[in-house]
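A quick write-up on the structure given underneath.
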Amino acid sequence: MGFIIENFSRQSLLILCFFIMGNLKCFYCIVFLFCNILKFNSQNLTTKPEITIDLGIKSKKLESVSGFLHFNELEPLKSNISELKPKFWRFGAKLKEHTPKRKQQVDILLKNNITPIVVLSDIYDEEHWYKEKGGWIRPSDNPKPFTALVKNLYKELGDKVVFDVWNEPNLKEVWGGTREEYFKTFKVAHDALRSSLDGGKALITGPSISAYDKEYLDSFLKYCYENNIKLDILNWHDLGTQTDAVKLQNHIQEARELLKKYPNLGVKKIYIPEIVGLKEQFNPLTVFAYLYFLEKSNASGGCKACWDNPDVAGENSCWNNSMDGILNSEGNPRSSWWVYKFYADSLDKRLSSNASQKNLISLSYLNSNNDLCLIIGNLNDAANYNLNLKIKNIINLNSFSGKSLKLYRIPDIGSDYLEKPVFVAEYMVLKKNIINVNLKDLRSKTFYYITISK
């Protein structure tokens, strides 16, 4: 009855009332039910959002899904690499002609358990781009130069590196040829790798299109299937906003359904080579949303994209060794750096936690001091809200002895330097088997960090 009444139009309700006016008892019953439904819905609307952390479930160690795009030199970034623990690093353009340096940089990545992803088109491009001839000497037309380059790179770097064949081939200004010509170029790279010594171990990814496109991906996979291409990792770029980060999980699920049509391709993983768009490149909540939904979707990971800085003329985060803009020109952290720091901290001892609302995203964990920590983002557009934090199945009450809950905010301040998170409030924690803390007046569209510590 509640569902029916809720979905009636005003006109329908008037007709219903006139119909039952002849039976006064029935009319009173309908009014009583309608009032109770309104009261129930009102209570539901005002229910406080809640995050529950279950300490009865053992913590687990997870692999990072974070990654970065491009670098000049890795040596100055070593402390950040150690602290942020990225899993992937995608590059190519800065290492076109420096074979010894390229190998040295790749070795640094591998020593830090980072998977290098080499963009073959970045290394191939300038040497074979002739404006007077209208664009590329395309490998689909003349495969020999590209084949030689790919074989030499595989001999140099080996099977610990992922080979991303061409960057954003769906864009005219990047590729310039037809879709079919790109597919043929992909096969040239594939055949060059597979025919190399131990080429069966080579890791190949594609198509690296600029955005999710189901029809394009299906066409690409069909071509691979019909041309005996073994594809290890399927990918596409997602250069969007917080809203797009939420949609990413649906795209990944849809892509997995596509892959079921082509089981013999050998695709093991889905990975997003570039995440976070220009407009929200410095927004900490956007960065967190992408990392959260990559994890939730069981994707391998995603590399933060680099962009021009709209606040600083001439600054481009691809080429200034800033880890795609999470560091400023002096190497100091911006707001988004703190997201990667807390995310990295969460990997060793991740806890089980659940949020009562789908647009409330959070990860809980024990840090290196065994303090309980939580990172939270509210993707709703609503006004400020109160949040109930519930911690249950506490076995060792002494683990909370003398500790308080401290709430910090990581503000979206664009490209400005953020020395440390902004302290918001402190709450006392009572030692009980179940702890409930009412966090008041939290801002929507904001990223928060919580620690329960001394």
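Across segment 292-321, the number of residues qualifying as among the acidic types (Asp, Glu) and either in contact with a Phe, Trp or Tyr (Cβ under 8 Å, 6 or more places away or on another chain) or in a strand (DSSP E or B) (or both) comes to 1.
In this structure, is residue 221 in a helix (DSSP H, G or I), among the hydrophobic types (A, V, I, L, M, F, W, C), in contact with a Lys or Arg (Cβ under 8 Å, 6 or more places away or on another chain) and over 20 Å from residue 410 (Cβ atoms)? Here the answer is yes, as residue 221 does meet what is asked. Taking into account only those residues within segment 296-313 that are of a type in the set (A, V, I, L, M) and out of contact with any strand residue (DSSP E or B) (no Cβ under 9 Å at 6 or more places or on another chain), which is surrounded by the most Cβ atoms within 10 Å (Cβ to Cβ)? That would be 312.
Before we move on, is residue 197 surrounded by fewer than 23 Cβ atoms within 10 Å (Cβ to Cβ), in a loop (DSSP other than H, G, I, E, B), modelled with pLDDT under 95 and among the aliphatic types (A, V, I, L, M)? No. Taking the conditions exactly as written (at pLDDT below 95, part of a loop (DSSP other than H, G, I, E, B) and either among the hydrophobic types (A, V, I, L, M, F, W, C) or open to solvent by 30 Å² or more (accessible area, probe 1.4 Å) (or both)), does residue 431 satisfy them or not? Yes.
Every listed requirement among (1) touching a Gly at 6+ places or on another chain (Cβ under 9 Å); (2) assigned to a strand (DSSP E or B) is met by residue 270 save one, (1). The number of residues in segment 382-414 that are polar (S, T, N, Q), closer than 16 Å to residue 360 by Cβ and open to solvent by 30 Å² or more (accessible area, probe 1.4 Å) comes to 2. Residues in segment 413-435 that are in contact (Cβ under 8 Å) with a residue 24 or more places away in the chain and in contact with a Leu (Cβ under 7 Å, 6 or more places away or on another chain): 424, 429, 431. Just to be sure before I move on: is residue 284 open to solvent by less than 30 Å² (accessible area, probe 1.4 Å) and farther than 13 Å from residue 211 by Cα in the structure I sent? Spelling it out, residue 284 is indeed open to solvent by less than 30 Å² (accessible area, probe 1.4 Å) and farther than 13 Å from residue 211 by Cα. Scanning segment 164-184 for residues that are open to solvent by 30 Å² or more (accessible area, probe 1.4 Å) and outside any loop (DSSP other than H, G, I, E, B) yields a total of 4. Among the listed residues 378, 367, 354, identify the single one that is out of contact with any Cys (no Cβ under 8 Å at 6 or more places or on another chain) and surrounded by fewer than 17 Cβ atoms within 10 Å (Cβ to Cβ). Checking each option against the conditions leaves just 354. Is one or more of the residues making up segment 186-197 under 21 Å from residue 296 (Cα atoms) and touching a residue at least 40 places away in the same chain (Cβ under 8 Å)? Scanning segment 186-197 turns up no residue that is under 21 Å from residue 296 (Cα atoms) and touching a residue at least 40 places away in the same chain (Cβ under 8 Å). Selection within segment 101-144: residues that are modelled with pLDDT of 90 or more and over 24 Å from residue 235 (Cβ atoms). The member of this set that is least open to solvent (accessible area, probe 1.4 Å) is 107.
Just one of (1) touching a Ser or Thr at 6+ places or on another chain (Cβ under 7 Å); (2) farther than 27 Å from residue 305 by Cα fails for residue 263. It is (1). Listed conditions (1) charged (D, E, K, R); (2) open to solvent by 20 Å² or more (accessible area, probe 1.4 Å); (3) part of a loop (DSSP other than H, G, I, E, B) are all met by residue 324, apart from (2). With respect to residue 360, determine if the residue is open to solvent by 10 Å² or more (accessible area, probe 1.4 Å), within 30 Å of residue 400 (Cα to Cα) and over 15 Å from the mean Cα position of the chain (by Cα). Judged against the criteria, residue 360 is not a match. Looking across segment 432-449, the residues that are among the hydrophobic types (A, V, I, L, M, F, W, C) and within 22 Å of residue 401 (Cβ to Cβ) come down to 434, 435, 437, 439.
Across segment 415-428, which residue is least open to solvent (accessible area, probe 1.4 Å) among those that are acidic (Asp, Glu) and in a loop (DSSP other than H, G, I, E, B)? Applying the filter and picking the extreme gives 416. Selection of segment 416-448 for residues being closer than 20 Å to residue 335 by Cβ and among the basic types (Lys, Arg) yields 420, 443, 445. Per the listing 335, 329, the residue uniquely open to solvent by less than 60 Å² (accessible area, probe 1.4 Å) and farther than 19 Å from residue 117 by Cβ is 335.
The values are calculated or read from the model by the stated rules, or taken from the named source; none is laboratory data. None of the values given here were measured: they were computed from a predicted structure. Positions of Cβ are backbone-derived with ideal geometry, glycine not excepted, and every protein chain shown enters the neighbour counts. Each accessible area value is taken on the protein alone, full model and side chains, heavy atoms only, with ligands, DNA and RNA left out. Shrake-Rupley method; radii C 1.70, N 1.55, O 1.52, S 1.80 Å.
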